[in-house]
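Scroll down for the structure; my scribbles are underneath it.
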Amino acid sequence: MYKKMKLADTIRVAPDLLGEDVNQNVKNALKRKLEGRIDKEIGAIVAITQIDEIGEGHILVGDGAVYYDAKFQAIVFVPTIQEVIEGEVVETVDFGAFVSIGAMDGLLHVSQVTDDFMSYDGKNGRLVSKGGGRSLSEGDKVRARIVAVSINEREPRESKIGLTMRQHSLGKIEWLDEARRPTAEKDAE
């Protein structure tokens, strides 16, 4: 889920930037420092949107930079257990599919795609149902539920978000659209 949050941090503005617009320097420094960072409490910081307040600058002995206490607004992505999300399959592997759900990717394990047994078709790079009637491949749009969240601040690429599509009204968007069509339309095909 995306949220707009008010945050505070102390930011360093390099000495070569002194004399220029303080607001712009602080905003740029915050963007470089925080955008893309993952925090267990806050989530993934997607964008710094607005600077609300900049305190008086402080200079530390031995460092020519100026440090400012800043209060600002940011857009963050917080994956929440039981949240229903829509995303795009970005990769299929033998154990499941990775789904882009905004600022992060989630893993849809092969056992959580459908109630039918799914296997990996390495030649075509897709997951195929036992009956062969359904497949999931890169670029497919899906609706899934977040069932597990494990955020690793030190190694963000090791963060894990577990997904499932084995519940009512979840699955590949194409399958959901097909299930909503009236029976007469399906029979006409």
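The values are calculated or read from the model by the stated rules, or taken from the named source; none is laboratory data. Everything quoted here is computed from the prediction, not taken from an experiment. Here the Cβ positions follow ideal geometry from the backbone for every residue, glycine too, while neighbour counts run over all protein chains shown. Remember, those area values only see protein heavy atoms, side chains included, never the ligands or the DNA or RNA. Shrake-Rupley method; radii C 1.70, N 1.55, O 1.52, S 1.80 Å.
Do we find that GLY102 is open to solvent by 20 Å² or more (accessible area, probe 1.4 Å) and not aromatic (Phe, Trp, Tyr) in this structure?
Yes.
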Open item on the list: For segment 105-156, give me each residue that is modelled with pLDDT under 85 and among the aliphatic types (A, V, I, L, M).
Closed with: ILE151
Open item on the list: Name the single residue that is farthest from LYS6 (Cα to Cα) among those in segment 52-66 being over 34 Å from the mean Cα position of the chain (by Cα) and outside any loop (DSSP other than H, G, I, E, B).
Closed with: ILE59
Open item on the list: Based on this model, can you work out whether ARG145 counts as out of contact with any Phe, Trp or Tyr (no Cβ under 9 Å at 6 or more places or on another chain), surrounded by 13 or more Cβ atoms within 10 Å (Cβ to Cβ) and part of a loop (DSSP other than H, G, I, E, B)?
Closed with: no
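Confirm whether ALA97 is open to solvent by less than 20 Å² (accessible area, probe 1.4 Å) and in contact with an Asp or Glu (Cβ under 8 Å, 6 or more places away or on another chain).
When the stated conditions are applied, ALA97 passes them.
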Open item on the list: Suppose the filter is in contact (Cβ under 8 Å) with a residue 60 or more places away in the chain, surrounded by 17 or more Cβ atoms within 10 Å (Cβ to Cβ), at negative phi and more than 15 Å from the chain's Cα centre (by Cα); does PHE72 pass it?
Closed with: yes
TODO: Would you confirm whether any residue within segment 110-123 is open to solvent by 30 Å² or more (accessible area, probe 1.4 Å), basic (Lys, Arg) and touching a residue at least 12 places away in the same chain (Cβ under 8 Å)?
DONE: no
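Give the residues of segment 148-183 that are part of a helix (DSSP H, G or I), open to solvent by 50 Å² or more (accessible area, probe 1.4 Å) and touching a strand residue (DSSP E or B) at 6+ places or on another chain (Cβ under 7 Å), sorted by residue number.
Hit for segment 148-183 is PRO156, nothing else.
Is it the case that segment 17-25 has a residue that's surrounded by 13 or more Cβ atoms within 10 Å (Cβ to Cβ), in a loop (DSSP other than H, G, I, E, B) and of a type outside the set (Val, Ile, Thr)?
yes
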